[in-house]
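Here is the structure we will look at, set down as structure tokens.
Laboratory data are not the source of any read-out in this text; all were calculated from the coordinates shown. This one's a predicted model, so the numbers in the text were calculated from it and none came from an experiment. Here the Cβ is made from the backbone with ideal geometry for all residues, glycine too, and neighbour counts use every protein chain on show.
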Amino acid sequence: MHTHLKLIFVLLALSVASTAVAQTSQADQDKEELKMAALEALMSAPSDLALPLVIKVLNGNNSDNLKESALFILSQIDHPDATAKLLEFARSGDGGMQLEAIRMIGINGEDEAIAGLTDIYAAGDADVREAVLEAYLIADDVEGVFNIAMNTQSEDEYEEAVETLAAMGAHEALSKLREAKGPSDALITAYIISDNDAELRKIALDGSDIELQIEAIEALGIVGANDADAVLVEIYRSTASEDIKEAALVGLLIGDHDDAILALYRASNNVVEKRDLLEALVVMDSDSMMEVIEEALGDQ
Amino acid sequence: MSWLIRMRGLIAVALMIAASLGNETIASDLIALSEEGWHTWRVPSVEIPGEERIYVLMRSGEPAKIEVPGRWCNNLPHNGEVIDLGLVSTDESIDWLQQYVESRTDIGSDALAAISRHAGDRSLNVLIGIVESDADQELREQAVFWMVLSESDDAFNYIDRLLTKK
């Protein structure tokens, strides 16, 4: 009986404690939301009034969530001190705060803050460098990303910068990179992403690196430019290399150019080649297949 | 008897002066705001010196719209359509608006915004009261929002404490 009473008492105590914890947690959450509402409202307040309060939140013992919001508000305050503070966090903030501050520089878009990203990239680790690229992307600063791609010695960093340029649709910068550094896998991928068939054609017709040439030829089929079929047919017909021929056929297949494949089939006198072309039409489930079959039956 | 005549004379002069100031009234009876259509009155503004004009559209004895000209006001009536109640005391204006905050109607948020534009401690105290003790979290957040947008020093001091307290 005594044990039962003890158990009931413990259960009651636990129940009261858990209710108290739940209430405290709700109160904390409400307090956090009030602070968030105040921060958001500060965006509409005069910068000289808002700035000191935002900085206090950033320097205070607040949650990461609140501080990240404060960084966003800071990025929206049009005041030199706000930019300076943002750069300070981007240079020396703790972990996640530093990365968030870097991204907020991209949102802020102030020339002075953007200019500060160069040193931050140079001194930063992989996460910082990724955040800097993201900031350039947000700010649509092609030059910043182009400079990273031009100056880096790291293949990984080069690839990331090229990918970022592709996401920005920076055709001119990507063309300059091919001219300056030569074609590469990363550039071909970037040309596909940015729908740049003109640059792909240049690599597709450049025989200096057959592997890249094959990649570029196939990529022409992916990009699907208006006259890609004509270019691929021309490459197919003019090459002596079986690998290049195969790449052109793959390009035609990916681009769904069954009419061009049918034309090649009809023009060919080579049995092996005809078989390959026919296989491509079968894979494409092309209506041209029926024409080929009818022609074959007619010949008999 | 002569003092009575003099008194009457003074009252007459006072009435003439009041009339010469226009048809404004102080502490006018806002409860008479039961007529249909737009009403307006002025109160001392949180932006000192200055006045704030409050517009209320009454429909079936209840406010359908509460507007304060400025950044957040889009639907002001044309001049001819408005019953002008003149200058109203801060307390009376806040009392009238506060009943709609407390009534939890849709108009409550607009009433809160209007309260935040009044000069003096009263409006800030109403907002603080809501932030610190109202059960409706959304209303509390709205009170904080309007407090910040009032841009008064006292409001900012309060927000400062709110943001820095653990």
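Scanning the stretch A:172-185 for residues that are outside any helix (DSSP H, G or I) and farther than 23 Å from A:GLU242 by Cα yields one hit, A:GLY182. For the stretch A:57-77, which residues satisfy the criterion of being in contact with a helix residue (DSSP H, G or I) (Cβ under 6 Å, 6 or more places away or on another chain) and not in a helix (DSSP H, G or I)? Across the stretch A:57-77, the qualifying residues are A:GLY60, A:ILE77. For the stretch B:139-166, give me each residue that is more than 7 Å from chain A (Cβ to nearest Cβ) and hydrophobic (A, V, I, L, M, F, W, C). Within the stretch B:139-166, B:LEU139, B:ALA143, B:TRP146, B:MET147, B:ALA155 meet the criteria. Residues considered: A:ALA139, A:ALA90, A:ALA70, A:ALA131. Of these, the only one that is more than 23 Å from the chain's Cα centre (by Cα), of a type in the set (Gly, Ala, Ser) and surrounded by 15 or more Cβ atoms within 10 Å (Cβ to Cβ) is A:ALA70. Residues in the stretch B:135-166 that are under 21 Å from the mean Cα position of the chain (by Cα), charged (D, E, K, R) and either closer than 26 Å to B:VAL88 by Cα or surrounded by fewer than 16 Cβ atoms within 10 Å (Cβ to Cβ) (or both): B:GLU151, B:ASP153, B:ASP154. Among all residues of the stretch A:75-82, there is none that is under 19 Å from B:GLN137 (Cα atoms), out of contact with any Cys (no Cβ under 7 Å at 6 or more places or on another chain) and surrounded by 16 or more Cβ atoms within 10 Å (Cβ to Cβ). If I filter the stretch A:44-65 down to residues being under 33 Å from the mean Cα position of the chain (by Cα) and facing chain B (nearest Cβ under 9 Å), which single residue comes out as surrounded by the most Cβ atoms within 10 Å (Cβ to Cβ)? In this case the residue turns out to be A:VAL54. Hey, can you tell me all the residues within the stretch A:263-272 that are free of Cβ contacts under 8 Å to residues at least 12 places away in the same chain and of a type in the set (Ser, Thr, Tyr)? Listed by number, the list holds a single entry, A:SER268.
B:VAL126 meets the conditions (1) out of contact with any strand residue (DSSP E or B) (no Cβ under 8 Å at 6 or more places or on another chain); (2) of a type outside the set (S, T, N, Q); (3) within 14 Å of another protein chain (Cβ to nearest Cβ) in every case but one. The failed one is (3). Restricting attention to the stretch A:53-109, the residues that are under 20 Å from A:ASP28 (Cβ atoms) and of a type in the set (Ser, Thr, Tyr) total 2. Taking each residue of the stretch A:245-262 that is under 9 Å from A:LEU281 (Cα atoms) and looking for partners that are charged (D, E, K, R) and surrounded by fewer than 20 Cβ atoms within 10 Å (Cβ to Cβ) with beta-carbon atoms closer than 9 Å, six or more apart or interchain, yields A:ASP258/A:ASP287; A:LEU262/A:GLU291. For B:ARG59, the test of being out of contact with any Ser or Thr (no Cβ under 6 Å at 6 or more places or on another chain) and within 14 Å of another protein chain (Cβ to nearest Cβ) is failed.
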